[in-house]
Amino acid sequence: MVQILLGLLAVLLVYYLFYFIRDLIAERENWAAETFWCLV
């Protein structure tokens, strides 16, 4: 039972990290694009 809960928790943690990193990359790309256009 404990192993099943730990497995589910690990899966949720991986999904959370995946979405968190994806959002960070998306924000960084948007910020870079805005900075680029401001410089131009």
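The values are calculated or read from the model by the stated rules, or taken from the named source; none is laboratory data. Fair warning: this is a prediction, and the values are worked out from it, not measured in the lab. We place every Cβ from the backbone using ideal geometry, glycine too, and count neighbours over all the protein chains shown.
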Notebook entry, point to check: Can you tell which of LEU5, LEU9, LEU24 is at pLDDT 95 or above and surrounded by 10 or more Cβ atoms within 10 Å (Cβ to Cβ)?
Noted result: LEU9
Notebook entry, point to check: exposed (fewer than 10 other Cβ atoms within 10 Å of the Cβ) and either in contact (Cβ under 8 Å) with a residue 12 or more places away in the chain or among the aromatic types (Phe, Trp, Tyr) (or both): does that describe PHE18?
Noted result: no
